[in-house]
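Right, one structure below, let's go through it.
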Amino acid sequence: MLKIEHAYWLIALFLAGAALLNLRQRRWSHAAFWGVLAALIAGGKLVLEASDAHHPLPAQLAGVGVIALAALSPRMTRGHLVERDESEREADARRLGHRLFGPALLIPLVTLVVALFGAYFVVGGVHLFGKTRMTLTGLALSCVVALVAALWVTRARPAAGLAEGRRLLDTLGWAALLPLTLAALGGVFAATGVGTAVADLVRMLIPVDSALACVIAFGLGMVLFTVIMGNAFAAFPVLMAGIGIPLLIQLHGANPAILGALGMVTGYCGTLFTPMAANFNIVPVALLELPNQNDVIRAQWKTGALLLVVNLALMYFLIFRF
Amino acid sequence: MTVLLHWLPLLGVLVVIAGFALRFNPVPVVVAAGIVSGLAAGKPIGDILALLGNSFVSERALLLFVLTLPAIGVLERAGLREHVRNWIATLRGLTFSRLLIVYLATRQILAMLGLYDVAGHAQTVRPLLAPMAEGAVEKRGKPLDTKERNDVRAFSAATDNIGRFFGEDVFIALGAVLLIQGFYAQHGIELEPLRIALWALPTAVAAFIIHAIRTVLFGRRLARSGRNGAADQASD
């Protein structure tokens, strides 16, 4: 059975390969960075199982690994790695034409098939795909299928897969890591009571008798907290417990279903403003080789701001009416 | 003393804000913020390390996108991006705005069905959407300058984000809606997931309309700069 754990092994393998290539070229920091990350991904399950059994040592070692990665990050300069000549690429493009699309489209297509029909693939009474995170397992599988197809179509040597993958990985550099580090920060913030402190702060600042003030404080609080945490899911329980349930639902009689739905999407507007939402706003900057870290945010903040106004209006006019 | 302990963990938030404002490398800033708020909450260093390590590895699915890189890299080496641009140039009816609006709608609908990992910055934006968008703009007859090229790429990434976020919220079986339902259930309010998801629909529609309009305006600006550029060249 294919499980999400296999995908993690595959990631660790790829990262270790990238570390090895960097080691051979004496790019020590890059080699160490990808090497430590590979170890963390490969040992992830072990760490979590040990923690469940109340053995803190593996998790503490992982924590040390995270700190080592943070120390190495500033050294992960985005030195441009040698790419193939543009004229050679252009010539290949003319020769291969639409055949190049096939492997690229296999990634979304195979993922789609596994996501929709993965549960029905049964061989000899055994499910081919594990139930948890089936779409992501499908994504990992689709990447392997696409790589094989890409090597076949372009007649490249298998080693090219690792070499080209590593070129893109080094282009990403520390940006690849930021989403994980931020998720870790979210865990620490939640465990140290940062959320309740923020909610208390908001409640101290507004006149709670005014329904409008509560709506605005709730909406802007969702945005602010999402901007700080980089994730609306982290903001939701905090603001709901601090403002949503006691003030809007219990005091002013808001409809919980509408408040929940609109509160969450208001938080999503905040995701469009913040570098903390790294996998959406910083990773693409690196992937698209944009010059400024905030280029993607600059392209989308106006949509987010207009949508925020729409959401606050919808909230005020709908939650007290149904 | 207890009052102080209640507010002290907010120092971690301050570290994040200051670090981003001063444009330090974000990774050490974020890790430092975690350590600061852990210390401020009075946790021993061993607990902080374990908390950091546990939270980090339990989110390792966030790194799955790197698996797309070998396949995409091999195709790029064989000229995928060049081919996409050349091909788009031959499609007469496909403008920049039409391309991005169709992508936005497709992304929203796929996300509403729970298929939000089907597309993404590594899977579709870098290899396909961004080169397509560049090719579509260049049909105006003048090549993109560096700034315009960056703007077009950033806008493509933004479109992917907006399509994903404001489609996902309507999907009932996973993520946002279940989080909302679960939270209410813990607080004694029982709701049907479908009732929550439906109320996210107006926002999904508003997001589509707002971003589609912005796309059309941006497309026009690019086309106009192309015409002016062509006129400049003619008068030279």
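What follows is calculated from the coordinates using simple rules that are stated; it is not laboratory data. These figures come from a predicted structure and were not determined experimentally. For neighbour counting, all protein chains shown are included, and Cβ atoms are generated from backbone atoms with ideal geometry for every residue, glycine included.
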Item to check | All aspartates and glutamates inside 20 Å of B:Lys43 as judged from Cα atoms, apart from same-chain residues fewer than 8 positions distant | outcome: A:Asp52
Item to check | Average silhouette area of chain A, convex hull of alpha-carbon atoms, in square nanometres | outcome: 21.6 nm²
Checklist outcome for this item: Per residue, the convex hull enclosing the Cα atoms of chain B spans a volume in Å³ of 194 Å³
Checklist entry - Helix-derived [θ] at 222 nm for the protein assembly as shown: sum -39500 (n - 2.57) over DSSP H runs of at least 4, divide by residue count, nearest 500? => result -23000 deg cm²/dmol
Checklist entry - Order of B:Met112, A:Met229, A:Met276 from fewest to most other C-beta atoms within 10 Å? => result B:Met112, A:Met276, A:Met229
Item to check | Ordering of B:65-71, A:159-165 by burial proxy (mean other Cβ atoms within 10 Å per residue, highest first) | outcome: B:65-71, A:159-165
Checklist outcome for this item: Here the relative contact order (percent) of region A:1-54, from C-alpha pairs under 8 Å and at least 6 apart, is 36 percent
Checklist outcome for this item: Looking only at aspartates and glutamates whose Cα falls under 17 Å of B:Lys147's and that sit 8 or more positions away or on another chain, we get A:Glu289, A:Asp295, B:Glu134, B:Glu138
Next on the checklist: Taking each pair of distinct Cα atoms in region A:98-215 once, what is the resulting Kirkwood hydrodynamic radius in Å?
Outcome noted: 19.0 Å
Next on the checklist: Could you compute how fast region B:139-204 diffuses translationally, taking Rh as the Kirkwood radius over C-alpha pairs and applying Stokes-Einstein at 20 °C with viscosity 1.002 mPa s? Give it in µm² per second.
Outcome noted: 148 µm²/s
Checklist entry - Relative contact order, percent, of region A:1-152 when contacts are C-alpha pairs under 8 Å separated by at least 6 residues? => result 28 percent
Checklist entry - B:Arg98 versus A:Asp52, label points 7 Å from Cα toward the beta carbon: distance in nm? => result 5.3 nm
Item to check | Spin-label pair A:Phe121/A:Arg321, simplified geometry with 7 Å Cα→Cβ offset, distance in nm | outcome: 4.8 nm
Checklist entry - Across 5 Å bins from the origin, how do the percents of Cα pairs in region B:95-232 run, short distances first? => result 2, 11, 18, 18, 14, 11, 9, 6, 5, 3, 2, 1, 0, 0
Checklist outcome for this item: Over all viewing directions the Cα convex hull of region A:1-146 casts an average projected area in nm² of 12.4 nm²
Next on the checklist: Pairs of alpha-carbon atoms within less than 8 angstrom and 6+ residues apart define the contacts here; what relative contact order does chain B have, in percent?
Outcome noted: 18 percent
Checklist entry - How do the peptides A:23-34, A:304-315 rank, highest first, by the average count of neighbouring beta carbon atoms within 10 Å per residue? => result A:304-315, A:23-34
Checklist entry - At 10 °C and 1.306 mPa s, what whole-number value in µm²/s does Stokes-Einstein give for the translational diffusion of the protein assembly as shown, with Rh from the Kirkwood sum over Cα pairs? => result 65 µm²/s
Item to check | Global geometry of region B:70-159, whether rounded, prolate or oblate, following the gyration tensor of its Cα atoms and the 1.5 cut on a/c | outcome: oblate
Checklist entry - After finding the eigenvalues of the alpha carbon gyration tensor for region A:3-88, what semi-axes result from the square roots of 5 times each, listed largest first in whole Å? => result 30, 16, 9
